[in-house]
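Just below is one structure, and these are the notes that go with it.
The values are calculated or read from the model by the stated rules, or taken from the named source; none is laboratory data. Everything quoted here is computed from the prediction, not taken from an experiment. Ideal geometry is used to build each Cβ from the backbone, glycine not excepted, and the neighbour counts take in all protein chains shown.
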Amino acid sequence: MIIVIDYDTGNTRNLKKALDFLGVENRLSADRDEILAADGVILPGVGAFKKAMDALEDRNLVDVLREVAKQGTPMLGICLGMQLLFDRSLEFGDTKGLSLISGEVVAIPSDLGVKVPHMGWDQNNLKQADPIAEVFDKQYSYFVHSFYVKTAPERILASVDYGVEIPSIVRQENVIGMQFHPEKSGDVGLAGLTKFKEMVSNADYSRN
Amino acid sequence: MLAKRIIPCLDVDHGRVKKGVNFVNLKDVGDPTDIAAAYQKQGADELVFLDITATNEKRKAIVNTIEKVASQVFMPLTVGGGIHSVADMMALLKAGADKTAVNSAAVQNPDLISEGAEKFGSQCVVLAIDAKFNPQTQSYQVYVNGGRTPTNLDAIEWAKTGVAKGAGELLVTSMDKDGTKSGYDIELYKRLTAAVSVPVIASGGVGKVTDFPEVFQQADVDGALAASVFHFGELTISDVKKELKKDGVIVR
């Protein structure tokens, strides 16, 4: 069972629709025990970083998600949900994140001659061999964001070139982040979600 | 860098696609989900649904349609036509739309744009504009009510106002070109892309495959919308993308 964290942020239902379409057993939940017992956890999210962290705190989910990561459960953060995995965000002040992957979230510079938000289909370039990231190599996926993650190169599995290098897939052990929306990225997005499901199904992988 | 977008547009009336689509052997040529899935397969980058239902149950029908489409088709969906309130936007976004396009209602009440942008973010609010060239003033005039009613708004100024109010994208139809199959209105889009920094989607006038590279290269728009050339199978999305690639335009 994959639990999609239910904390009142936009794209949850579209993600659920994609998982249902793929026949992946899933449920929306904010329940501590259910989340800790899940085979896999997906943290979606659109909107502002601080509001999302506040929403997680209101539901006492910050420590629960840290526990999920610690116990080795495969975890996938999507869009803002990926950004929340990092230490902090400089979006409207300085807000602490979940600190599951080291790095910070900063604004896409406005002086690069590119449009902000970074919205549309952009091409992923594989940076490291990884079963999930490989699905996206040279493929276009759908992005909508104004902030991006700065992290160590070893955490970046794939990135897009948008004047700056924007990490599109990141990973630290069992914790994975996708800056784009796999649930809106057509066949390749669905293939990525399927790979995550395989990771969840593979006990060796998830508990090593 | 971002790929330029090719966007088929579907007119939906009471949950049915108005003009049948016959580019593939669909079982039901009027079913929005079947058509949307076929376009996803062809490589469309986004779909626009224009609700042309004329009755009071209008919202309910289009919300149900989007709910169904979004369960089977996984790409960005934009919905326009008769959106009058933040509640209308909310219902569509909840059903699975990614963006809502406002047109006449925003002309009547420009704060609808800012209210939507504050509530959902600019990326969810598209300002749709129907523009017609006025030879006397040498400028483009905004029309509302499906192009039936002229306003005193200048299209470029209205575009700038809309962006200042929070519109995240402009979907601009040239009424002079619409239905002519003589290509996009390059001059209109040149003026628009020079005036605003948000993405601009060109609409109206496609007749042949080279119309696409022309509008991307000469007017620097972000997306090109078309209806009949795709629906009637005169062009496929992949024909268009092949042509664009050949001309060095970045596409998915």
Note to self: Give me the helices (runs of 4 or more DSSP H) completely within region B:52-164, filtered to those with at least 1 residues that are β-branched (Val, Ile, Thr), modelled with pLDDT of 95 or more and more than 21 Å from B:Glu187 (Cα to Cα), ordered by residue number.
What the structure shows: B:58-72, B:86-95, B:104-108, B:111-120
Margin query: Whether any residue in region A:109-119 is away from chain B (no Cβ under 14 Å) and either assigned to a strand (DSSP E or B) or under 30 Å from A:Asn26 (Cα atoms) (or both) is what I want to check.
Written below: no
Note to self: Being away from chain B (no Cβ under 14 Å) and among the charged types (D, E, K, R) is the requirement here; does A:Glu154 meet it?
What the structure shows: yes
Margin query: Can you find, within region A:131-177, the residue that is nearest to the chain's Cα centre (by Cα) among those that are within 24 Å of B:Phe74 (Cα to Cα) and assigned to a loop (DSSP other than H, G, I, E, B)?
Written below: A:Ile132
Next item on the list: Could you please let me know if A:Ala48 is modelled with pLDDT under 95, within 28 Å of A:Pro117 (Cβ to Cβ) and not aromatic (Phe, Trp, Tyr)?
Entry: yes
Next item on the list: Please determine, by comparing only the residues of region B:179-192 that are crowded, with 17+ Cβ neighbours inside 10 Å and in contact with a Gly (Cβ under 7 Å, 6 or more places away or on another chain), which one is farthest from the other protein chains (Cβ to nearest Cβ).
Entry: B:Gly183
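If you scan region B:116-136, which residues turn out to be over 21 Å from the mean Cα position of the chain (by Cα), of a type outside the set (Lys, Arg) and more than 12 Å from B:Leu153 (Cα to Cα)? Spell out how you get there, then give the answer.
If we filter region B:116-136 for residues that are over 21 Å from the mean Cα position of the chain (by Cα), which is where we start, we get B:118-119, B:134-136.
Cutting the leftovers down to of a type outside the set (Lys, Arg) gives us B:118, B:134-136.
Passing the criteria: B:Glu118, B:Pro135, B:Gln136.
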Margin query: Every residue in region B:193-224 that is within 14 Å of chain A (Cβ to nearest Cβ), surrounded by 18 or more Cβ atoms within 10 Å (Cβ to Cβ) and not small (Gly, Ala, Ser), please.
Written below: B:Thr193, B:Val196, B:Val198, B:Pro199, B:Val200, B:Ile201, B:Phe216, B:Val221, B:Asp222
Check: Quick check: anything in region A:16-35 outside any loop (DSSP other than H, G, I, E, B) and of a type in the set (Val, Ile, Thr)?
Finding: yes
